[in-house]
Amino acid sequence: MKLVVDTNIVFSAVLNSNSRIARILIAGKRHFEFHSCAFLHTELLRHRLKLKALTGLSDKEMVEVIDKTTANIRFVDEATLSAWLILDTERVLARSDLKDVPFVALARKERAKLWTGDKALVRGLHASHPKLTITTLQLWERMELLEH
């Protein structure tokens, strides 16, 4: 199954490297194909000090956690997304946070599920794209089924 990983998912995994989210990102590569926008790297750099303060990790440990958490993600340059797809996704997300446009557009392009913890985004997408998103619990249950 193809998944587009939203920023809040990776942040959650970095904040708690023993969580279900982290375990799915690290061990789920046998069952899932992870994709994300290159913008995620920018977000991780921008919020690195805050993440470091919240986790109490050293610089070296923070780099290791981020590397481990993102190792199985294939990053896609948002510039490869068509202008039409970006504009149409902006229309779809007009009432939501437009910073999610690249992630939603990538999920649509890849015909992938968007893995996000952003409840407002999920609600906003439900009317026009009810099957586009997937929850951590749904992924966890699927991973457990596939491993047994």
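None of the figures in this text is laboratory data; all of them are computed from the coordinates on show. The structure displayed is predicted, hence computed values, not measured ones. All Cβ positions, even for glycine, are placed from backbone atoms using ideal geometry, and neighbour counts span all protein chains on display.
Some notes on this structure:
- Inter-label distance for Ala53 and Arg23, nm, one decimal - labels placed 7 Å from Cα along Cα-to-Cβ: 3.1 nm
- When the alpha carbon gyration tensor of region 2-147 is reduced to an equivalent ellipsoid, its three semi-axes come out at 25, 18, 14 angstrom, largest first.
- Cβ-Cβ FRET estimate between Lys68 and Asp88, R0 fixed at 22 Å, reported to 0.05: 0.05
- Kyte-Doolittle at least 1.0, axis length at least 15 Å by Cα - qualifying DSSP helices, the chain: none
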